[in-house]
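Below: the structure, in structure tokens.
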């Protein structure tokens, strides 16, 4: 069978529309100007409206993995084990109510700013590597999902499909950074909603699908009592693991006020929960359908292709035109997630690693080109991984768990526990990593070397090891921080042995403003005399204190 020409034409038009919107948004940014190029590229001058913010938050959440993964989980494990939609909804609500306000009020530029402020360079590097792994494997997994979808519906070569989709996404992200990503998300979310909603009636009325009531087809799933602890563990990990991602905080930090940050987070969670309904229905249809009369001839679930249940349902049980529009929805979902991931990782590298660790005096123009280069390289790495690495999903699960286990407790301590310090953060990182990695990962055929309670040779870890590892990391940070503070304050350990300089960092403010100084609606900082200044001006104001700090503490 040759390439579906009509599908290919529609796909090219769709990509052109997305690219043009991204370029026009970048031109609008240049016309409006901003406080600095870095603030403009990373947080869009903190001028994203609530309307646009809700769209970009929702589009980032409702990615290719979200809609494809939900349909797969419904068809294979049932609704009861499809925890991502509920977890993401609860996570965005928690993020909005707890984390969004202090992050926005302190005028941070990236998620790593509180880590740098509280813990220093070593922890920033470690946390960045954990976040980068999560972004890379997440991006690679959804690119792979898109490639397989294109191969089913358009009969396009897998590598060509992945490279083309990644190329368009990287291109408009390099051109306009955050503002382009935000406005393309609006178009992408419209495509996602229209394509999926349109396809559902055709799927449900197809004679091969039949009745999808839970009585006729058990797509609700079952919860074995032996797995109840594992269910709770996964729900907690899904919920709180939604929060510590730069893609999330980049939107929180791009709006004018902390109230807007909370609104778009809560509204994004509600919108994502609503938009998962088509994927749930498609997954249920894939579970109950009679596949014998289809071109495939057999259920994807029976041949180990459960991850492709959504594109196969669209291809087999909707008219060709509708399936192509459904493919547009999948493509839009993938692009809306990919641009957020690569922009988030490149922003943290440029601002937190390159500027504040290696090149403190770098100009805005230099930083802008470093960011574009980082976007390009991260996009290439994710694309290569999606093409050549067959165990992407397992690596993403492990990376996502590490983000939950490591980044969440450190972010919480950096924001809300002022006595936490670098020693506690480093120990917490090590303890959490060992506890999680020790549990093993069956997707990677990585055997466990820690057998938690209720361990089974057949079923693996039944203990809620993810939550346990996160709590171990959190408690370790607090305990070691408290202990080292006492030891140094009481001079039990000489001050010259404070290699991480925690006493010097205690009153050091890395961000544009301290937690006690509010931001105005333009995102600028106010000093105690009432003067306002941009990020560039604030950097120059703090330059002298930064240099004094570096003289007093080690490079750590």
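A few notes on this one:
- Among 42-48, 454-460, the peptide with the highest mean count of other Cβ atoms within 10 Å heads the list, and the full ranking is 42-48, 454-460.
- Rounded tilt (10° steps) of 158-204 against the dominant C-alpha axis of the chain: 40
- Only helices enter the 222 nm calculation for the chain: every DSSP H run of n ≥ 4 contributes -39,500 (n - 2.57), and dividing by all residues gives -21000 deg cm²/dmol, rounded to 500.
- Percent of Cα pairs exceeding the 25 Å cut-off, where the set is the stretch 159-265: 56
- Entry note: the stretch 240-288 has Rg to Rh equal to 1.17, where both radii use alpha-carbon atoms and Rh is the Kirkwood radius.
- Remark: relative contact order (the stretch 167-311) = 30 percent; criterion is Cα-Cα distance under 8 angstrom and separation of 6 or more residues.
- Order by protection proxy (mean Cβ within 10 Å, highest first), peptides 277-284, 86-93, 404-411: 404-411, 277-284, 86-93
- Residue order, fewest to most beta carbons within 10 Å, for 305, 418, 256, 295: 295, 418, 305, 256
- Calculated FRET efficiency for the pair residue 497/residue 366, C-beta based, R₀ 45 Å, to 0.05: 0.75
- Per-residue Cβ neighbour counts within 10 Å put 248, 354, 496, 66 in the sequence 496, 354, 66, 248, beginning with the fewest.
- Remark on the stretch 200-251: Rg and Dmax equal 18.0, 45 Å (Cα only).
- Residue 455 versus residue 204: modelled label distance in nm, points set 7 Å from Cα along the beta carbon direction: 4.7
- Nearest 10 degrees, 0 to 90: helix 64-76 Cα axis against the chain principal axis: 50
- In plain terms, the chain from residue 377 to residue 213 could stretch by 54.3 nm, reckoned as 0.36 nm per residue minus the Cα-Cα distance.
- Efficiency of FRET from Cβ geometry, residue 430 and residue 86, R₀ 41 Å, rounded to 0.05: 0.80
- Distance between modelled label sites at residue 6 and residue 49, nm, 7 Å Cα→Cβ extension: 3.7
- Stokes-Einstein D in µm²/s, Kirkwood radius over Cα pairs - the stretch 68-140 at 20 °C with 1.002 mPa s viscosity: 144
- For the stretch 406-502, averaging the sequence separation of C-alpha pairs within contact (under 8 Å, six or more residues apart) and dividing by the residue count gives a relative contact order of 37 percent.
- Here the peptides 356-362, 155-161, 376-382 are ranked by packing, the mean other Cβ count within 10 Å, and the order with the highest first is 376-382, 155-161, 356-362.
- Each label point was placed 7 Å from the Cα along the Cα-to-Cβ direction; for residue 296 and residue 155 their separation is 1.8 nm.
- Residue 197/residue 446 FRET efficiency (R0 56 Å; Cβ-Cβ; nearest 0.05): 0.90
- Relative contact order of the chain, defined on C-alpha pairs under 8 angstrom at six or more residues apart (%): 27
- Taking the C-alpha atoms only, the angle from helix 364-388 to the longest principal axis of the chain is near 40 degrees.
Laboratory data are not the source of any read-out in this text; all were calculated from the coordinates shown. These numbers come from a predicted model, not from an experiment. Cβ sites come from the backbone with ideal geometry, for glycine too, and all protein chains shown count toward neighbours.
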